[in-house]
Each structure stands twice: as C-alpha cells, then as structure tokens.
1. Just to check your reading of the model, which residue among 11, 17, 52, 37 is within 22 Å of residue 70 (Cβ to Cβ), at pLDDT below 90 and either of a type in the set (A, V, I, L, M) or part of a loop (DSSP other than H, G, I, E, B) (or both)?
2. So which of 2, 46, 38 is touching a helix residue (DSSP H, G or I) at 6+ places or on another chain (Cβ under 8 Å) and surrounded by fewer than 13 Cβ atoms within 10 Å (Cβ to Cβ)?
3. Is it the case, given these coordinates, that residue 106 is of a type in the set (Phe, Trp, Tyr) and either touching a Ser or Thr at 6+ places or on another chain (Cβ under 7 Å) or surrounded by 11 or more Cβ atoms within 10 Å (Cβ to Cβ) (or both)?
4. Cβ-Cβ below 9 Å, separation at least six or inter-chain, first residue in the stretch 93-114 and closer than 14 Å to residue 24 by Cβ, second outside any loop (DSSP other than H, G, I, E, B) and among the small types (Gly, Ala, Ser): which pairs?
5. Taking the stated definitions as given, is residue 83 out of contact with any Asp or Glu (no Cβ under 6 Å at 6 or more places or on another chain) and either on the phi > 0 side of the Ramachandran plot or at pLDDT below 90 (or both)?
6. Please pick out the residue among 76, 72 that is assigned to a loop (DSSP other than H, G, I, E, B) and among the aliphatic types (A, V, I, L, M).
7. Is it fair to say residue 94 is under 13 Å from the mean Cα position of the chain (by Cα), modelled with pLDDT of 95 or more and assigned to a helix (DSSP H, G or I)?
8. How many residues are surrounded by 15 or more Cβ atoms within 10 Å (Cβ to Cβ), over 21 Å from residue 24 (Cα atoms) and out of contact with any Gly (no Cβ under 6 Å at 6 or more places or on another chain) when one looks only at the stretch 57-87?
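The values are calculated or read from the model by the stated rules, or taken from the named source; none is laboratory data. Predicted model, so just to flag it, every value in this text is computed and none were measured. With ideal geometry, Cβ positions are generated from the backbone for all residues, glycine too; neighbour counts draw on all protein chains shown.
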Amino acid sequence: MAGETNLGELIRSLSAILVDGVFVFVTVQPGQAPKDIAPRMVFEEAEGTTLILLKSDAEAYSLPYEFPCRMITLNIHSSLEAVGFMALIASELAKHDMGVNPVSGFFHDHLFVPEGREDDAMIVLQNMASG
C-alpha cells in the first residue's frame, strides 16, 4: 500500500477536505488523559503527552488548551517518504501569512490551520492543485 512519492503528482492530485469542528492542542502528563476522551492524535514527548482534540472536549474536561484551529485533510495517499510535499504546502501557506501544524497519518496528511483562516487555506490549496 505504498503512497505517492512524486511531488508533481501529489500537487496535481491534491484535494482537501475541511473537517467539522474546532480542534485544539492540549498537553497532559503521561497516562493522565481522561479515559473516555477521543483525541485525533496522541504524541508522547519527554515533557508530556500532546493531544489534538475537539475544543468542546477540552472544555468539557477543563483541560487547558492552545491554538484553536481547523483540520484540513489532504485527500491523496502520500507516501511517508514523499520529499518536499509538506514543505511546499507550508511554504505556500506562509506566503499568505498563515502558520500550519501538519500531521502525517499512514494514508493522509492533515493540516491544522488557525481558526478563521480555514477558507483562506482551502483557496491556497485549490490554487496549488490547479497550477
């Protein structure tokens, strides 16, 4: 199930889906995440466990959070070894004064862009795909 590695093909085939909900980044001590919470991502770091989850879940559990953002899924199966794909996207978004927190899953890449800038990001991605 190898993903696409050709940068030109990745950009030409790029389509993006805006995921419902506002997401946030939370950090908790290892093993301290509420048991019935369903984060989009969990990443263990030396300083703590990072969770990306819905803002409403963070608020329901009184978890301090940062970076309210929207999630955009890039609907192409990019290889985990693809060179330059995320760098090109991040650079293009930076040209529009927009930061991005990219996360790669096995099948897709996901972009977390500042809440309120999701429409701008979608336009940038559409423009990239159309050349």
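1. 11
2. Exactly one residue qualifies, and that residue is 38.
3. no
4. 113/121; 114/121
5. It is true that residue 83 is out of contact with any Asp or Glu (no Cβ under 6 Å at 6 or more places or on another chain) and either on the phi > 0 side of the Ramachandran plot or at pLDDT below 90 (or both).
6. One residue alone meets the criteria, 76.
7. No, not satisfied.
8. Number of matching residues: 3.
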